[in-house]
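The values are calculated or read from the model by the stated rules, or taken from the named source; none is laboratory data. The structure presented is a predicted model; accordingly, all values stated were derived computationally and were not measured. Counting neighbours? That spans all protein chains shown, and the Cβs are built from the backbone with ideal geometry, glycine included.
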Amino acid sequence: MRNFKKISAVTVAASIALSTAVPAFAAYEPVNGSKASVLHDLNLYAGISDKEFDPDLGSKLTRGQAAVLLTKIFNLDDAANALTAAEVSAILKPFADGKDVPTYAEKRMAYLVKNDFMSGALDTATGKLYIDARKDVNGAQFATLLLKQLGYDVADWKTAVTQLSQVDGAQGLAEYLSYALTSLLRDQAVGMIYGTLTADYAATGLETVIDKLIAATPSLRAIAEAAGLVTPESLAVDSVVAIANNKVAITLKDPSSARTTDFAIVKKGTSTAVAIKNIVKESDKVYVLETDALVGGTSYTLTVKGENLNFTGIAADTTAPTIKAVSSKDTNTFEIEFSDKMDFATATDKANYTFDKDIKVVSATLDEARTKVTLITDAAKKNIVYTLTIQNVMNSDGKAMTKAVRTVTATEDSTAPKVSMHRVQNNRTIIVDFNDASGMNKAALENVENYSINDLTVESAKAYDMVGDDGKYDQVVLTTSTQEANKSYTLTLSNLTDASVLKNALGTTTRTFRGAPADVSAPTVNISKPVVSKNNNTVKIWFTDNNAMDVASLEDISNYTIKDNTGSTLEIISAKAMASTYPDAYSADNKGVILTTAQQVVDPNKINYTVEVKGVQDEFGNALKPVSGSTYARYNFMSSDVDEVAPYVTKVEFVNSTTVKFTFAEELKKSTAIDPTNYVIDGDLGSAIKAELSSDRKTVTLTTQTQVGNKKYTVTMNNLEDDYGNRVSNAKASFVSTSGTLDVTAPEVSYIYAMNKGEIHITLSETVKAWPSEITFGVLDNSGNMTGTLKVFQYSGKIEGGKTIVYKAKTTADALTSANYQIQATTGGQFTDAADNKMSVVAPIAVGTTPTGYTFNGNTIENTAPSVDYVEQIDTKTVRVYFNEPVAPASFGTPGFTKIDSDSTDTHFTSLDYSVNTNFTVGTALSIPVNQLRDLAGTNISAAYTGFTPYLQDTTKPVITGAYADDNKTVYVLYDEKVPTSGTYKIYYLNSSNNPVTIFSGAGTSTEDPNKVPAIKLTLTTAVDASKIYYLEPVTGAVDVAGNRADVSGVKFDFPGTNKTVSGYITGVEINNANTITVGVSGKTIGSINVFEVDTTTSPAIDVDLNATVYPGKTIADGKVQLAAPLLAGVQYKVTVGYVGGGSNDYYFFGNTPDIGLKLTTAPGSIDLDFAGFDTDEYIFKATPATDLTKVIVGTPKADATPGNTLDNVVEFTDTSFTAGTAVYITIYDKDDTTRVLYAGKVVIAAP
């Protein structure tokens, strides 16, 4: 027999101690009535009455009754009842009381004895054996019988209840440990039986008791499913998401039971399984799987009942959660927002939250996102401030937060809802909109008794959430009996309440309306949305009508006839309504039909078709009218090519640091679009956490791990499909994560280290783009004061991406000693970061002054010459040389030394590539002129390196492996190796006379295709077309790295054209500083940039041009521009990018320059800035009128009018341009860095 779960000695000892305790003598109240009813429905528990079910749960259970229950539970009843009277008599004969067994129990007890499941008790005084059918059974005896039926060995019957509670699948049996050695009531027996139904048998496999019962009697499945004893055969999953490094939350579409064996997890695309250790039920729909540790950003696949769903793992959160906000949302309702996803058990334990002033927490619930807990209290009073203590709460990764105390003012929603609008849709429908912060009570809205209309019957009421998609109902649609045209009606609404705790009543409210005439207007084909063909077999037709269309007539294919220009009929295979329910069916975009047709003619040319539409009706039965007699209007459309273009991105929108939107050129198939693992983001973000698809199926909103501000990310997309089966493969789209915080922090020195006596490394707090050309270091005396001993060092280079700037001694006299040093002076520039923040110039520090900078120890070690560590060959023309320290040549280039990463801005490197642009001679030692290289101290390598012999040779010619059109003006020619020299090509198609028509002739660019395959990219001026087959022939062969030229004789490849256009879009905006941005673009070249402030104070909103100019040292194609006004926090801006070759895109973003609550007082001609008691000496103040952004007025500090105040805390601006109604920008600069904007605001000059 199979062993049960291991139980520790402590657990067993505890269970024995509990089992010997006698339950209290207080009257026992049965608790398992509902379970008894389920057992009765399963034919496992009959009760004591033949007329109606009476479970008699308060009475004791005898051994005979227990035998009956066991044979029923384990499906042994038929076998037991098959015993003959003689067999029963013979089996029970050894028992002294065998003849006293009740008739109903005789065969069951005999069967259990025969099969060694039950034995008697020996009376040691008389030597007689008794079966004790009429004696009470205790909990341990009953558990022993259950365990034996399950196939488990029982070592000690006294601990059988504990053993049974540890069996896999058993539920709630630990509650009965205290009844092990006491007589068992029927109620307790019912609980033990019920908990055993889901227990596993000891035999191999995972079959449970209830599984076997259903296998024997399939009709029991529905009862078992309803009770949650078995998982439905189909378990529909609504969502799956990782909520911790080792927890996965599964939300079912319908309430159901589930267990670990229903689920399996593997790393996506592999068979590598992730162990599922446990399952926790949080609600009837939500289960949490506890798993082995997942990998953050890695894609996984969950399989449940044959359905696969993908999700993304998240990294462990090792920091304790914090409280972001505590607020009062409604009467006795408080909300706590946490920084992390929270642990369900601790977050919903009301004992972890305590209020002062004697109010109690009634309940705690965790929201779906697991970041907000809603507390319901018993007696909070409006406007009273309460102190809330939160403790013992953990995040999903089990990290506990420290005890926190917050104050919160109780509020209540005591505002009655209002009717905001009512309208008559038609003579059977009235729509009423409501306005209430809590939304309306749905049950009340849908109760027809709450509405009355004179002379009309309200037949139905349906509630909708139309605003915000927030679960708050704000609209009801009433269906009435037929209204009389133009008759005055009064709609009376009563007993309607909002959804607040107080259920604020609307009160009896009336609204009058005129009855609508019967809708007798026929629908028409919407000529403003022309009939269109898609994918060579789909036709879309839109209609115009005041109401919804009739679905049945829309989907009747006999209502449509399509003919080509020869009069031949095109077969219509099916018709599908675009929408069928409110509110979608009433939208103009959805009043239509999609026809699936036979293949349309496109070869040799696309042709014109006409579609005749008749018989289509609106919801009131009005049909399209003929143009005359029985002739109906016909509508033209052109045949379309088969859609072979996979979806591609046309627009990107950064939303916030965890959200980004992608708009595609066409509708996406929802099942593929909402799979977050189909989107993988670089920069350590990994797969998206969540993917949502818009109602038009063109925009995907991704939830990601937290992005770094002002950083470019690339998303690689796979498996997305359109309606026609075209699938995305390794498509890439980029976006920029706009920083929400203005960078006003100047770089600081993190540390200074002397590598030797002539070389100093200064590491900054961030990457810098500029630095002092010369720094003087001063020796400190024993008291830390500056002395007159100075050492001058000059710039030598930069490493670590610009975070470390290196200086070398200017002369030998400037060599360091073993003293302590600080920077004494900087000249020739300042340390400047990417946001143009500058570290202050260090003015010469006087002797005897105690400096406050970074102190470092000098170094007396002599610099040693750099040397070669080793060399490796990259290809036939290139070797890579590795050094023991960073080195650099006088200049980079070939022939000679080149950077491995050509984009690196470092000056010195520990490895460099070397080439002489010809193939090295195999077997002959190479002389590498490393003596041209110098280290950061200026010391050259002493001699050329001759210790490497080239061994790579390549005599194989490159071969074309294929060609394809990536878009209608880009063709990639694929090679089996890298080909730096393009070769030349021609592309043509064959016309109707089978003659070639050349569309391209020339060379291309050596590159890789989007899938990283070596390729030549051909850029066409004549677009290819999806309806044609094209031929590519090389004219002159491409040349590989070794100089081998490809053979072109007889080489030809064919490939289909495509209608995919060159997609250009703005990837995002990087806010470099208050007046500078960098605009990213994909797919096209920037020709112009205009930036506008969107002024929403006017109606309609107007765009204020901020006069963008190209940033010094950049070109417009770089996308970096300066603005004439600061980018204000909370204000929306629009970037318009014009492309070279035509076309443009708009992109919206929000500024981030804070205003610190500037108090501005205006009058014509003047503005006063109250600097709130702060001294103005550290700042420079400027004003610029929005009407002339080239004009700058410098503010004059002065003291305010407070008696005795000598602090200049008010800034005055005066100018004649400050006329009433003029908008003025106020900008505050750092006095030490006059280009650094710290704060800014905007004010409109008040009228006199």
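The table that follows gives values for the structure above.
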{"read-out": "Region 318-353: number of residues that are under 21 Å from the mean Cα position of the chain (by Cα), crowded, with 18+ Cβ neighbours inside 10 Å and not in a strand (DSSP E or B)", "value": "5"}
{"read-out": "Within region 942-996, strands (runs of 3 or more DSSP E) holding 3 or more residues that are modelled with pLDDT of 95 or more", "value": "970-975, 984-990"}
{"read-out": "Residue, surrounded by the most Cβ atoms within 10 Å (Cβ to Cβ), within region 386-423, restricted to residues that are among the β-branched types (Val, Ile, Thr), under 25 Å from Asp436 (Cα atoms) and out of contact with any Leu (no Cβ under 8 Å at 6 or more places or on another chain)", "value": "Thr411"}
{"read-out": "Strands (runs of 3 or more DSSP E) wholly inside region 389-454 that include at least 3 residues being assigned by TED's automatic domain parsing to the domain that holds Val467 and within 30 Å of Thr497 (Cβ to Cβ)", "value": "418-426, 429-435, 451-453"}
{"read-out": "Count of residues meeting criterion [surrounded by fewer than 20 Cβ atoms within 10 Å (Cβ to Cβ) and either in contact with a strand residue (DSSP E or B) (Cβ under 9 Å, 6 or more places away or on another chain) or in a helix (DSSP H, G or I) (or both)] in region 681-690", "value": "3"}
{"read-out": "Test for Tyr386: is it of a type outside the set (S, T, N, Q), closer than 30 Å to Thr272 by Cα and assigned to a strand (DSSP E or B)", "value": "no"}
{"read-out": "Residue check, Asp97 out of contact with any helix residue (DSSP H, G or I) (no Cβ under 9 Å at 6 or more places or on another chain), surrounded by 14 or more Cβ atoms within 10 Å (Cβ to Cβ), touching a residue at least 24 places away in the same chain (Cβ under 8 Å) and not small (Gly, Ala, Ser)", "value": "yes"}
{"read-out": "Test: residue in region 239-260 that is aliphatic (A, V, I, L, M), over 21 Å from the mean Cα position of the chain (by Cα) and surrounded by 15 or more Cβ atoms within 10 Å (Cβ to Cβ)", "value": "yes"}
{"read-out": "Among the candidates Leu570, Leu554, Leu595, residue that is buried (at least 16 other Cβ atoms within 10 Å of the Cβ) and either of a type in the set (Lys, Arg) or over 44 Å from the mean Cα position of the chain (by Cα) (or both)", "value": "Leu570"}
{"read-out": "Of the criteria (1) more than 54 Å from the chain's Cα centre (by Cα); (2) farther than 17 Å from Leu184 by Cα; (3) of a type in the set (A, V, I, L, M, F, W, C); (4) modelled with pLDDT under 90, which one Ala27 fails", "value": "(2)"}
{"read-out": "Residue check for Val137: buried (at least 20 other Cβ atoms within 10 Å of the Cβ), in contact with a strand residue (DSSP E or B) (Cβ under 9 Å, 6 or more places away or on another chain), of a type in the set (A, V, I, L, M) and modelled with pLDDT of 85 or more", "value": "yes"}
{"read-out": "Any hit, region 787-806, residues being touching a Ser or Thr at 6+ places or on another chain (Cβ under 6 Å), part of a helix (DSSP H, G or I) and among the small types (Gly, Ala, Ser)", "value": "yes"}
{"read-out": "Residue within region 1032-1051 that is outside the structural domain of Ile1228 (by TED's automatic domain parsing), free of Cβ contacts under 8 Å to residues at least 24 places away in the same chain and more than 30 Å from Gln1132 (Cβ to Cβ) present", "value": "yes"}
{"read-out": "Strands (runs of 3 or more DSSP E) enclosed by region 563-674 - at least 1 residues per element that are under 30 Å from Tyr1148 (Cα atoms)", "value": "649-656, 659-664"}
{"read-out": "Filtered residues of region 813-833 (kept if of a type in the set (A, V, I, L, M, F, W, C) and under 23 Å from Glu1178 (Cα atoms))", "value": "Ala825, Phe831"}
{"read-out": "Where Thr482 falls short, out of the listed (1) without any contact (Cβ under 8 Å) to a residue 60 or more places away in the chain; (2) among the β-branched types (Val, Ile, Thr); (3) part of a strand (DSSP E or B); (4) within 22 Å of Glu619 (Cβ to Cβ)", "value": "(3)"}
{"read-out": "Filter result for Thr524 (over 30 Å from Val616 (Cα atoms) and surrounded by 14 or more Cβ atoms within 10 Å (Cβ to Cβ))", "value": "no"}
{"read-out": "Test: residue in region 524-542 that is at pLDDT 95 or above and among the small types (Gly, Ala, Ser)", "value": "no"}
{"read-out": "Gly797 of a type in the set (Gly, Ala, Ser), touching a residue at least 24 places away in the same chain (Cβ under 8 Å), more than 18 Å from Thr939 (Cβ to Cβ) and not assigned by TED's automatic domain parsing to the domain that holds Arg1236", "value": "no"}
{"read-out": "Members of region 605-647 that are charged (D, E, K, R) and either crowded, with 19+ Cβ neighbours inside 10 Å or within 21 Å of Ala518 (Cα to Cα) (or both)", "value": "Asp618, Glu619, Lys625, Asp641, Asp643"}
{"read-out": "Residue match in region 826-847 (condition: over 47 Å from the mean Cα position of the chain (by Cα), modelled with pLDDT of 95 or more and in a strand (DSSP E or B))", "value": "yes"}
{"read-out": "Candidate set from region 722-763 (those that are part of a loop (DSSP other than H, G, I, E, B) and of a type in the set (Ser, Thr, Tyr)); member that is farthest from Val708 (Cα to Cα)", "value": "Tyr724"}
{"read-out": "Those residues of region 712-738 which are surrounded by 17 or more Cβ atoms within 10 Å (Cβ to Cβ), more than 19 Å from the chain's Cα centre (by Cα) and polar (S, T, N, Q), in sequence order", "value": "Asn726"}
{"read-out": "Evaluation of Thr204 against (1) at pLDDT below 85; (2) in a helix (DSSP H, G or I); (3) more than 25 Å from Ser37 (Cβ to Cβ) (one fails), failing number", "value": "(2)"}
{"read-out": "Some residue of region 1150-1168 being over 30 Å from Phe1218 (Cβ atoms) and surrounded by 18 or more Cβ atoms within 10 Å (Cβ to Cβ)", "value": "no"}
{"read-out": "Answer from Val708, Val642, Val655 - the residue that is closer than 21 Å to Ile1077 by Cα, over 15 Å from the mean Cα position of the chain (by Cα) and at pLDDT below 90", "value": "Val708"}
{"read-out": "Residue match in region 1231-1239 (condition: in a strand (DSSP E or B), touching a Pro at 6+ places or on another chain (Cβ under 7 Å) and either crowded, with 17+ Cβ neighbours inside 10 Å or modelled with pLDDT under 90 (or both))", "value": "yes"}
{"read-out": "Region 911-930: number of residues that are in contact with a strand residue (DSSP E or B) (Cβ under 6 Å, 6 or more places away or on another chain) and either free of Cβ contacts under 8 Å to residues at least 40 places away in the same chain or more than 22 Å from Lys877 (Cα to Cα) (or both)", "value": "7"}
